[in-house]
Structures are given as C-alpha cells and as structure tokens.
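In what follows, a single structure is set out as structure tokens and then discussed.
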Amino acid sequence: MEPRCGGPAGVAGAGGPTERPGWQGRARRRIVSGVNRGTAGSALPSRPLAHRAPARPPGRGRRRATALVALAAALLLVPALLGAGPGGSGETVPLAGKEPGERLDVTLTQVVDPASPAPDDTDRLVSVRFRLENTGTASYKDSPASSAHLLDSDGQRFTGLNASTGAGPAFPDTVTLDPGDSATGFVTFKLPKDAGLAAVQFALNGGLADDVGQWSLS
C-alpha cells in the first residue's frame, strides 16, 4: 500500500539501495482519533469448497481464455498509468484535512531501502517518494516530512525528515499547492539498521488530521 526523529546523514555505506518489489503496497484510508496510529490486521475471507464447473458449449472456452488474456494485459498496465516506480504501489489515497476544502490525493510511488548515505553503523535511512495532488478548494500549505510516518515491525513510529539522499530530491520544508496543482518528492526516515518495515502513514495538517492514509510494506 492503514516519533522518533533522526539526526543528519553521515558517511555513505558500502551497499547500494535495494528496491522492494515483494511488498504488495496495500493502501487503505481510515479515520482515527488521538495520536497513536498503530497497524491493524484483518482476517482472510473464507474460501468456498471446490466444485465442478458446468460444461460449456464448444468455442466458449477459447473466447473466455482470450478475454482473460486481454484483462491480464490491461492489469499489467495499471501501475504504469498510476506512476508506480520500483518498490512502489502506485496506489492513491484521498485524504481530508481539518479545515473546510482541504483535500489531497496522496500516492506512494517508490520505497528506497536503504537510502544512501548511511547515517552511522547502527542506523539506516529509508526514503519514500510521494506524489501529492490538491483536489480540494483550499490551498495546501504543509510539511510533507512531518505529515509522513513510518511504522516498523515492532510498532515503533518514526517521523519523516527533509534529508537529502541518493534516492532523489526531497520535498522542501513547506510545500504550497493551489487547487489542481501537484508535487512529487522524497521523505526520508532514520531507523535502526535491523528494523523491519511494516507500513507508511500520511495525514494532512502536519500529521495531525484524523483522516490517515496507510500503505502496508509487509
């Protein structure tokens, strides 16, 4: 795909960034109250018992197979149309702010783990690229770094940083978008070197809005 702040970057590490093509990028939007925004699991739906399909007249099977091939090809194009990059879901979550007219479409397009340079021997940097589009009637003026949080597999929550890394250009400290405008940039997180990634969250108003978008990284 629903804080701890780090210090400045240090000396570059030996390994380069690795893409995360394995995570499914399941995005979701949820309404929460309070500051503690943890992850929540969901039960898998029960599967029906196997059954025999009725016989089809000759020719229908070939037409159905052709339609399924066309559908599969169309689905493969969806990430490209959404602007998904390597290690990114391309899924867009519409979010609302605290004030009337504050609405933003947020798309997570790429995750770079680790991002260079490495801060020190015990920590690492993870850079996440977002695309922000103002779909509301009010001007958006906010800090994407303070609006974004990363959750690790132990439940710890890390606030984003405006750090320059080899992943790409970061958002400026404050981004201003008039209705209809959009911007793309990276938000970087500093976390322990062996921490597992669980999810990324984004909320307007510096991360304080009740409407929170979440993308699963596990």
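Conditions (1) modelled with pLDDT of 95 or more; (2) within 15 Å of residue 108 (Cα to Cα); (3) of a type outside the set (Ser, Thr, Tyr), marked per residue:
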residue	(1), (2), (3)
132	yes, yes, yes
136	yes, no, yes
142	yes, no, yes
146	yes, no, no
158	yes, no, yes
178	yes, no, yes
182	yes, yes, no
187	yes, yes, yes
208	yes, no, yes
> Do we have residue 154 as open to solvent by 40 Å² or more (accessible area, probe 1.4 Å) and at pLDDT below 95 here?
Replying inline: no
> Considering region 160-176 alone, what residues qualify as being modelled with pLDDT of 95 or more and under 13 Å from residue 142 (Cβ atoms)?
Replying inline: 160, 171, 172, 173, 174, 175, 176
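The values are calculated or read from the model by the stated rules, or taken from the named source; none is laboratory data. The shown structure was predicted, so the numbers you read here are calculated from the model rather than taken from an experiment. Glycine also receives a Cβ, built like all others from the backbone with ideal geometry; neighbour counts cover every protein chain displayed. Accessible surface areas use protein heavy atoms only, side chains included; no ligands, DNA or RNA. Shrake-Rupley method; radii C 1.70, N 1.55, O 1.52, S 1.80 Å.
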